[in-house]
Amino acid sequence: MDRRESLKTIVLGSLAVGVSLESCVTNTDPAVIEDKIWKYTYGRTPKEAAIDEKLLADQFFENGEKATIKTLANLILPPNENGTIEDAGVVDFIEFMVKDVPEFQVKIRGGLMWLNGHCNSKYSSLFINCSEDQQREVLDAIAFPDPETRVQVQEIQFFSLMRNLVLTGYFTSEVGIKELGYKGNIANVWDGVPQEVLDDHGLSYDEEWLTKCLDPDTRADIAQWDDEGNLIS
C-alpha cells in the first residue's frame, strides 16, 4: 500500500475534530462570498445557511498564510491524476473550518509561525521558499507523535491537525469522493430467500418478480408502481 492509499484508509476510518472559542479578522469582498456560498447551501436549514454566510463574510488567514497552507497541503497529499488540493478547494475548506471551530485558529497560526521561524533559523528562508527536500525534512521531524509522552509538543499537534483537515477537505470534495470510489448507499446483491426455506413453507417466487426484483444489475433502480399498486419495473 502506497502513502496515498494509506491516507485514504485513514479517511475512511474516523476523523474527529473539537469545538470552542471565537475570533476572526478582515471582511471578505461580497463578490467572493457570492462565488463561494453555493458550496455550502445544499442540505442547510435557513439558520445554518445564515451562519455559513456570516463565516464566509470574514477572512481569517492572510494571503501569505494561505500560500503556506497550500504548500503544506500539497506536501501532505501530493497531486495525482484524480485531482489536486486546488481542485478540491482544501485551502478554502481550512479557512472555513478555523472560523467555524475557533480553537483551531491559534494552533494553526502558531504552527505556521513555527514553520517559518524554524526554516528561517535552519535554512535562512521562509518555509514556502525552501526546497522541497528541506520542507520534507522539517515535516518528517513533526509528522509522528512521540510515544513516550502523553502531551505532544505544539508543532506535532499542529501537523496532526493540519493533516486531518487536509485529508478531510480533500476526500469530502467532489474529486476526493470520486477518488475513493464512493457511490452512496446501494443495496447489496441478494438472491432471495433460500429455496429450502421456501420449500419448508410451501412458497415459491413468481418468475416475473424474480426478474424485476432480484436482478443485481438493476438493484439501484427505483421501483415503479402503477395506480393499482402493481409493480411496473
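Worth a mention:
- Members of the stretch 124-155 found to be without any contact (Cβ under 8 Å) to a residue 12 or more places away in the chain, surrounded by 12 or more Cβ atoms within 10 Å (Cβ to Cβ) and more than 17 Å from LEU72 (Cα to Cα), listed by number: GLN152, VAL153
- Subset tally (residues that are at positive phi and either hydrophobic (A, V, I, L, M, F, W, C) or free of Cβ contacts under 8 Å to residues at least 12 places away in the same chain (or both)) for the stretch 158-213: 3
- Helices (runs of 4 or more DSSP H) contained entirely in the stretch 1-91, each with at least 3 residues that are surrounded by 12 or more Cβ atoms within 10 Å (Cβ to Cβ) and modelled with pLDDT of 50 or more: 3-12, 46-57, 63-76, 85-88
- Just one residue in the set GLY117, GLY111 is among the small types (Gly, Ala, Ser), open to solvent by less than 20 Å² (accessible area, probe 1.4 Å), on the phi < 0 side of the Ramachandran plot and assigned to a helix (DSSP H, G or I); that residue is GLY111.
- Residue tally, condition free of Cβ contacts under 8 Å to residues at least 60 places away in the same chain, farther than 20 Å from ALA143 by Cβ and open to solvent by less than 30 Å² (accessible area, probe 1.4 Å), over the stretch 92-108: 3
- Cβ pairs under 9 Å, 6+ apart, first in the stretch 43-68 and within 21 Å of CYS130 (Cα to Cα), second hydroxyl-bearing (Ser, Thr, Tyr) and outside any helix (DSSP H, G or I): GLU62/THR26
- Residue count for the stretch 43-60 under the criterion of being out of contact with any Lys or Arg (no Cβ under 8 Å at 6 or more places or on another chain) and under 20 Å from ARG109 (Cα atoms): the result is 2.
The values are calculated or read from the model by the stated rules, or taken from the named source; none is laboratory data. Remember, it's a predicted structure, so these values are computed and weren't measured experimentally. So basically every Cβ, Gly included, is an ideal-geometry build from the backbone, and we count neighbours across all protein chains shown. For accessibility, only protein heavy atoms count, side chains too; no ligands or nucleic acids. Shrake-Rupley method; radii C 1.70, N 1.55, O 1.52, S 1.80 Å.
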